[in-house]
Amino acid sequence: MNNLFKELIDLLNKEFEKFHLDESVQLNLSKMPEFDMQINNLVKHNKADFFNNLQKNIIEVINSTNFFQPVEETELGFLNLVFNHNVLIKQITNKKSDFVNDNSQKIIFDYGGPNIGKPLHVGHMRTLNIGRSLYNIHSFIGNDVISDIHLGDWGMPIAQIITYLENESINTDSLDSSQLEIIYPKASEQYKSNNEFKVRAQEINKLLNNNDSELLELWRAIKNISIKNLEENFSLLNHSFDYWLGESDVNELIPEMIESLYKNKKIIEDSGALISAENTDPKILITKSDGSYLYITTDLATVLYRQNNIGYDKSYYIVDNRQSLHFQQLFDSIKFFEFNNLHHEHISYGTLNDSDGNPFRTRDGGTKPLSELFEETYEYIKNINNDLEDSAIKQLANSVLTFSDLITNRKTDYKFDLEKFTSVNGKTGIYVQYAQVRARKLQQNIVQQKNKFETLVLSEIDKRLLSQLFMFGHFLEQSFSLNEPHHLANYLYDISNSFNQFYEYEKLTEIEDSDHISSKVYLINLFLTTSKNVMFCLGMRPVEKM
RNA sequence: GGCCUCGUAGCUCAGGGGAUAGAGCACAGGUUUCCUAAACCUGGUGUCGCAGGUUCGAAUCCUGCCGAGGCCGCCA
């Protein structure tokens, strides 16, 4: 919420307190077109004897701010509010300063993967998009944000690759990322079908856990090849990370952690393995019976690493729905093992499928690399407008991949439909970019116009756009409090749509009244600021032309 | 079998105690250029899976059932 309205809500809450009502006033958007906002808290008290006094007080407070047209008492207690545009334009800028909060929190964003050795595939896209958006949103409202890609650079997949290289006598000097990507599926297949291979891979995994120097060297070579490839991909997709830590970085913390937990009877033996002593169903397996580590082992050690070396108030794990049990067990264990009482949250998301609703596959049935999806999107846009510069097409392609990913609630599975998502009509990255480009051109053409006016002169269409622009804070709040970027994505579509209506309704060059022109110039500027900031919050970059 | 999601317009999805349940697509017709028409305008749709319950008020909360998907100790 805009800080302006937050202060109002605080004042209103105090009025409720006077009547011993412990509730927070909900200043919501109105569903009725003739109003901007509404307060429904009063309705449930409309049979109480204090109702009239409460309503009177509430209305008095609201009217004293002048943010809205004078509010009328109602019989039922539905308070309908209409913005006082003349007052609010002096207070609302939609810049970061409107929203920055006083109690900044330090938040770690854990991207839970990807694994080295495996190509960055389509399944990784949501983690990247949702993570970047939430990171930007929290940064925008003044939180101290830290991203950690948290590479899957440890454990069985690596052991499988090394086993494969060993069997085939492949030297890492001649290895590049594309070969590595072919090797992993083969290694994984052998691990499942060939028992000798499986035994050796498990042995290698344990040796790695015990820091076998020769294997570590091999591992490091594989990791470097993989990181180089990841960096190229991320650069193309405009992603970056503060930390490139991985599961391997906490390996040395684990023996001590296990020992301490065992000594304090927090973990116990069970069929040779170590499990949490907490009474849970299912049991939480902490190490395997051969002593080697699991996903949860490294995640637990990572918590210790972070609280000791980075420090944080909140930790968000942006990982798909299917791993919810893992995170439930992890969060349970952090408390049960008495590591800390900090806030940990699984930011889960649904599966990305192809336009038929099936899992994304390449033509030969393999996992589809993310770079391939980017290429297809790039080509599609290029075919629509062949005159565009390469950099603009890339930005548009990224807009499509980002916006279409964020427009749906993250928890919902959705279908990626290239034709639909690259269309200029509908809720697409292309549409919102186009509106912004139009505004940008108008701004350039009317640069000589002063952005000052004696009185605000607005048509109905102008008012609707302005009201919507004043609501940025509402959608921002929804997005960061629920960690759901789709509220802002939909908002970006709505203001873009309103801007296009505004654009078509009256031609700037045909208006004679100078206050009306200046009012419109003001609106264009506010729209551009807002659109740019929402795009930042979503992880998109505005294009200059298209 | 146990646990977790989900079921809303022809399709894809918002809305998750508040007033007459919304948007995009698709379909039909119309409007040209301050700016690429890559736009705008006008058209109408719903047993909110089913049945109970809680409430002044339920698509929303609770219970049961039906249906879809996911997860369930030595993968990550």
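The values are calculated or read from the model by the stated rules, or taken from the named source; none is laboratory data. Bear in mind that the values here come from a model prediction, so they are computed numbers and not experimental data. Please note: Cβ atoms are built from the backbone with ideal geometry, for glycine as well, and neighbour counts cover all protein chains shown. Heads up: the accessible areas ignore ligands, DNA and RNA and are worked out on the full protein's heavy atoms, side chains in. Shrake-Rupley method; radii C 1.70, N 1.55, O 1.52, S 1.80 Å.
Before moving on, here are some points about what is shown:
- Net length gained if the chain between residue A:454 and residue A:425 were fully extended (0.36 nm per residue, minus Cα distance): 6.7 nm
- Rg/Rg_globular for region A:219-374, with Rg_globular taken as 2.2 N^0.38 Å and Rg from C-alpha atoms: 1.23
- Region A:306-421, relative contact order in percent, only Cα pairs under 8 angstrom and at least six apart counted: 29 percent
- Estimated FRET transfer efficiency when R0 is 25 angstrom, pair residue A:509-residue A:390 (beta carbons, to 0.05): 0.15
- A:519, A:193, reordered so the largest accessible area comes first (probe 1.4 Å): A:193, A:519
- Mean sequence separation of contacting Cα pairs (under 8 Å, at least six apart), scaled by the length of region A:226-293, corresponds to a relative contact order of 16 percent.
- Pairwise Cα distances in region A:422-517 exceed 21 Å in 42 percent of cases.
- In range of the label at residue A:217: residues from region A:155-190 whose backbone nitrogen is under 13 Å from the point 7 Å along Cα→Cβ: A:172-173
- For q = 0.18, 0.21, 0.26 Å⁻¹, Debye-computed log10 I/I(0) when each Cα of region A:456-511 counts as one equal scatterer: -0.64, -0.77, -0.98
- The portion of the accessible surface of region A:3-82 made up by carbon and sulfur, rounded to a whole percent, is 50 (1.4 Å probe; DNA, RNA and ligands excluded).
- Mean projected area in nm² (Cα convex hull; one quarter of hull surface) for chain A: 30.9 nm²
- Rounded to the nearest 10 Å², the accessible area of residue A:370 at probe 1.4 Å: 0 Å²
- Counting only heavy atoms of the protein chains and using a 1.4 Å probe, residue A:96 has close to 90 Å² of accessible surface.
- Within chain A, DSSP assigns beta bridges of which about 45% are antiparallel (rounded to the nearest 5).
- Coordinate range of the alpha-carbon atoms in region A:37-123 per principal axis, descending: 68, 35, 27 Å.
- Taking all Cα pairs closer than 8 Å and separated by 6 or more residues, the relative contact order of region A:3-82 comes to 31 percent.
- With eigenvalues of the C-alpha gyration tensor scaled by 5 and rooted, region A:38-193, Å: 61, 19, 13
- Trypsin sites (Lys or Arg not before Pro) lying in DSSP loop within region A:1-90, provided at most 12 other Cβ fall within 10 Å: A:31, A:47, A:90
- Calculated on the alpha-carbon coordinates, the convex hull of region A:377-538 measures out at 118 cubic angstrom per residue.
- Dividing the Cα radius of gyration of region A:106-347 by its Kirkwood radius returns 0.96 for Rg/Rh.
- Our estimate of slack between residue A:356 and residue A:13, defined as 0.36 nm per intervening residue step minus the Cα-Cα distance, is 118.5 nm.
- Rg ratio for region A:3-82: its Cα radius of gyration over 2.2 N^0.38 Å, N being its residue count, equals 1.00.
- Solvent exposure ordering (accessible area, 1.4 Å, most first) of A:127, A:74, A:455: A:455, A:74, A:127
- In region A:23-116, GluC sites (Glu not before Pro) in a DSSP loop with at most 16 other beta-carbon atoms within 10 Å: A:23, A:34, A:72, A:73, A:75
- Under the Debye formula (equal points on every Cα, no solvent term), log10 I(q)/I(0) of region A:127-266 at q = 0.11, 0.14 Å⁻¹: -0.54, -0.81
- Span-rule helices in chain A, defined as complete DSSP H runs reaching 20 Å or more along the axis (Cα) with Kyte mean at least 0.5: A:514-538
- Placing a label point 7 Å from the Cα of residue A:289 along the Cα-to-Cβ direction, the residues of region A:164-197 whose backbone N falls under 18 Å of that point are A:195-196.
- Scattering curve values for region A:44-90, log₁₀ I(q)/I(0), Debye with Cα scatterers, q = 0.29 Å⁻¹: -1.05
- Residue A:244 accessible area, 1.4 Å probe, all protein chains in place, Å² to nearest 10: 80 Å²
- Label separation (residue A:383 vs residue A:240): 3.4 nm, computed from points 7 Å beyond Cα along the C-beta direction.
- Restricting region A:462-546 to GluC sites (Glu not before Pro) that sit in a DSSP loop and have at most 15 other Cβ atoms within 10 Å of their own Cβ leaves A:506, A:512, A:544.
- The residues of chain A present an accessible area of 47 Å² per residue when probed at 1.4 Å with all protein chains retained.
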